[in-house]
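The values are calculated or read from the model by the stated rules, or taken from the named source; none is laboratory data. As the structure is a prediction and not an experimental result, all values here were calculated from the model. So basically every Cβ, Gly included, is an ideal-geometry build from the backbone, and we count neighbours across all protein chains shown. For accessibility, only protein heavy atoms count, side chains too; no ligands or nucleic acids. Shrake-Rupley method; radii C 1.70, N 1.55, O 1.52, S 1.80 Å.
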Amino acid sequence: MKILVTVKRVVDFNVKIRVKADGTGVELANVKMSMNPFDEISVEEALRLKEAGKAEEVVVVSIGPAKAEETLRTALAMGADRAILVETEDQVEPLAVAKIVKGVAEAEQPGLIIVGKQAIDDDSNQTGQMLSALLGWAQGTFASKVELGDGKVNVTREVDGGLQTVELKLPAVVTTDLRLNEPRYASLPNIMKAKKKPLDKKTPADFGVDTAPRLKVLKTEEPSGRKAGIKVKSVAELVEKLKSEAGVL
Amino acid sequence: MAILLLADHDTTHLSDQTAKALTAATKIGGDVHVLVAGANVKAIAEQAAKLSGVAKVLVAEDASLANNLAEPLAATIVSLAGNYDTIVAAATSVGKNVMPRVAALLDVAQVSEIIEVVSSDTFKRPIYAGNAIQTVQTNEPKRVITVRTASFAAAGEGGSASVETVSAAANPGLSSHVSDALSSSDRPELTSAKIIISGGRALGSSEKFQEVILPVADKLGAAVGASRAAVDAGYAPNDWQVGQTGKVVAPDLYIACGISGAIQHLAGMKDSKVIVAINKDEEAPIFQVADYGLVADLFDVLPELEKAL
């Protein structure tokens with residue numbers, strides 16, 4: 001089986017982002033960029049399935065600017081076999097991303113597609129679900145365990161009350177949650193080797209997808225701040241303040 | 001045209017997330033119809049009919065809808081979509097799972113996790129873990145929206161909407177339910193609790209977490225939360241996690257114990273009315289958002305707090 005994994009280049013999760021003063025967005029110039037953390041988990045899961053003999057090939061795809069090649073090379077250095085970059089300088093909304101990945105899936109015919117549950121920039125949490133809808137496949141979102149069987153996959157999902165396990169017919173789309181695995185680091189020799197691995201370049205037009213945004217962002221602003229309050233010296237003072245001042249006890 | 005609101009339920013109870021999402025739906029404007037989908041959900045439909053502001057309750061009953069599986073649930077929502085220009089759900093694990101599937105089947109963009117209704121087509125939503133707020137306008141023929149319920153008050157009761165049966169769509173037959181491992185507890189749910197006490201990595205072990213945090217929670221009638229660090233270390237189960245990737249909460253009182261205050265955690269609790277931080281490290285970022293800070297060892301002060309309550 002072939003596994004297709006999506007990866008996105010986003011602002012590194014350790015960076016404290018800054019909102020532009022004119023309200024047009026978030027400052028992205030000279031900011032450290034990395035692979036979306038949920039996508040690292042997706043790549044890792046695909047590699048583990050391959051190492052367990054349940055998949056033959058791991059193909060990674062990214063939709064983004066030319067520099068997203070770096071993100072794909074990171075996935076190749078982790079161990080993915082091949083990469084596809086669908087290059088566009090536009091901000092592509094989840095629905096258009098899903099349509100492009102659908103096009104890639106129709107060409108590649110994977111048995112399983114693994115997608116991060118959300119990207120940590122727009123926090124949409126949509127692409128995997130949209131992709132599986134467009135393909136007419138089953139979806140196993142927010143996975144904390146993936147067990148690949150014969151013609152089916154069992155996915156344990158993180159839901160509000162605990163865990164839910166579902167059985168999906170293959171091919172299927174799985175979206176990854178944080179506790180699925182701990183992604184590996186790429187070793188230096190593998191980083192060198194990754195430079196020679198195949199990377200195909202495409203454009204959204206190759207898949208007949210219009211990436212014009214459907215939503216209009218009117219402005220981007222700082223969240224209303226919360227000021228630090230006071231320090232209390234003792235439990236007694238704390239309880240007293242909560243009762244008389246805050247009125248919450 | 002009217003608004004379709006997906007009821008969030010656990011097959012026996014209507015979640016109060018629905019009442020909060022209802023408040024957002026009412027602000028968008030238009031008659032609100034609530035869809036209750038499941039295997040045996042008439043009692044839940046009765047609960048939904050009592051919510052103030054609901055014009056009609058639609059009940060779709062079918063064995064395929066028993067476990068909130070995304071594929072049959074999305075098919076049923078889409079089969080009803082012709083009568084609505086807006087489809088809304090609370091951003092719970094059910095809403096987050098099914099709504100993008102609905103949006104894609106309708107070929108429209110979704111607006112995720114709105115925190116404010118600016119006008120019927122314009123909404124505010126957090127991006128970058130709540131470190132920026134975007135105002136977005138949608139001109140889609142159908143608006144598909146999930147609601148961050150912590151930002152909206154629950155609609156009250158007092159309504160008496162009519163309850164109407166609708167057909168479930170044919171089950172696409174792509175998935176089946178295997179099992180649930182739900183944590184059972186007498187404590188209030190995190191997302192609806194008035195008071196939450198949360199523990200962080202400073203607790204050091206699952207045993208200590210139970211021993212120190214739980215008695216105070218019991219005394220306060222509080223829900224128990226945890227930071228991602230505490231969950232990853234195995235001190236607390238994953239459904240206790242508060243933060244960007246866990247639950248987003250806004251109780252009247254949030255007590256953070258031994259939590260440093262990583263931005264991912266703050267994203268999940270900074271809308272709480274009153275925040276108390278107890279931490280040994282007076283430089284901990286949690287103190288920057290806390291109304292009341294106590295620089296102390298939580299192992300000393302939590303037993304003391306329990307006695308003082």
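Only a single criterion out of (1) open to solvent by less than 10 Å² (accessible area, probe 1.4 Å); (2) within 14 Å of chain A (Cβ to nearest Cβ) is not satisfied by residue B:41, namely (2). Residues that are within 30 Å of residue B:92 (Cβ to Cβ) and open to solvent by less than 60 Å² (accessible area, probe 1.4 Å) within the stretch A:180-203 comprise A:180, A:181, A:183, listed in sequence order.
Yes/no matrix, rows are residues, columns are (1) open to solvent by less than 30 Å² (accessible area, probe 1.4 Å); (2) without any contact (Cβ under 8 Å) to a residue 24 or more places away in the chain; (3) under 30 Å from residue A:165 (Cβ atoms); (4) assigned to a strand (DSSP E or B):
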| residue | (1), (2), (3), (4) |
| --- | --- |
| B:87 | yes, no, yes, yes |
| B:94 | yes, no, yes, no |
| B:104 | yes, yes, yes, no |
| B:123 | yes, yes, no, yes |
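Output the residues belonging to the stretch B:96-124 that are facing another protein chain (nearest Cβ under 10 Å) and under 15 Å from the mean Cα position of the chain (by Cα). Reasoning before the result, please.
From the stretch B:96-124, those facing another protein chain (nearest Cβ under 10 Å) are B:96-113, B:115, B:118, B:121-124; that's our starting set.
Selection gives B:96, B:97, B:98, B:99, B:112, B:113, B:115.
Considering the stretch A:238-249 alone, what residues qualify as being open to solvent by less than 60 Å² (accessible area, probe 1.4 Å), more than 7 Å from chain B (Cβ to nearest Cβ) and more than 27 Å from residue B:130 (Cβ to Cβ)? Matches in the stretch A:238-249: none.
Can you give me the number of residues within the stretch B:131-153 that are part of a strand (DSSP E or B) and more than 7 Å from chain A (Cβ to nearest Cβ)? Walk me through it before giving the result.
From the stretch B:131-153, those part of a strand (DSSP E or B) are B:132-138, B:143-147; that's our starting set.
Keeping just the survivors that are more than 7 Å from chain A (Cβ to nearest Cβ) gives B:143-147.
Residues meeting the conditions: 5.
So for the stretch B:216-224 (the condition being in contact with a Gly (Cβ under 8 Å, 6 or more places away or on another chain), open to solvent by 30 Å² or more (accessible area, probe 1.4 Å), outside the structural domain of residue B:96 (by the TED database) and in contact (Cβ under 8 Å) with a residue 24 or more places away in the chain), does at least one residue qualify?
No, there is no match, as no residue in the stretch B:216-224 is in contact with a Gly (Cβ under 8 Å, 6 or more places away or on another chain), open to solvent by 30 Å² or more (accessible area, probe 1.4 Å), outside the structural domain of residue B:96 (by the TED database) and in contact (Cβ under 8 Å) with a residue 24 or more places away in the chain.
Do you know which of the residues in the stretch A:1-36 that are of a type in the set (A, V, I, L, M) and assigned to a loop (DSSP other than H, G, I, E, B) is surrounded by the fewest Cβ atoms within 10 Å (Cβ to Cβ)? Reasoning before the result, please.
In the first step, residues of the stretch A:1-36 are kept if they are of a type in the set (A, V, I, L, M); the result is A:1, A:3-5, A:7, A:10-11, A:15, A:17, A:19, A:21, A:26, A:28-29, A:31, A:33, A:35.
Adding the requirement that they be assigned to a loop (DSSP other than H, G, I, E, B) leaves A:1, A:7, A:15, A:17, A:21, A:28-29, A:31.
On the way: A:1: 15, A:7: 27, A:15: 15, A:17: 17, A:21: 8, A:28: 13, A:29: 5, A:31: 13.
Going through the qualifying residues, I end up with A:29.
Considered as a group, the residues in the stretch A:197-236 that are aliphatic (A, V, I, L, M), more than 7 Å from every other protein chain (Cβ to nearest Cβ) and in a loop (DSSP other than H, G, I, E, B) include one that is farthest from residue A:106 (Cα to Cα), and that residue is A:212.
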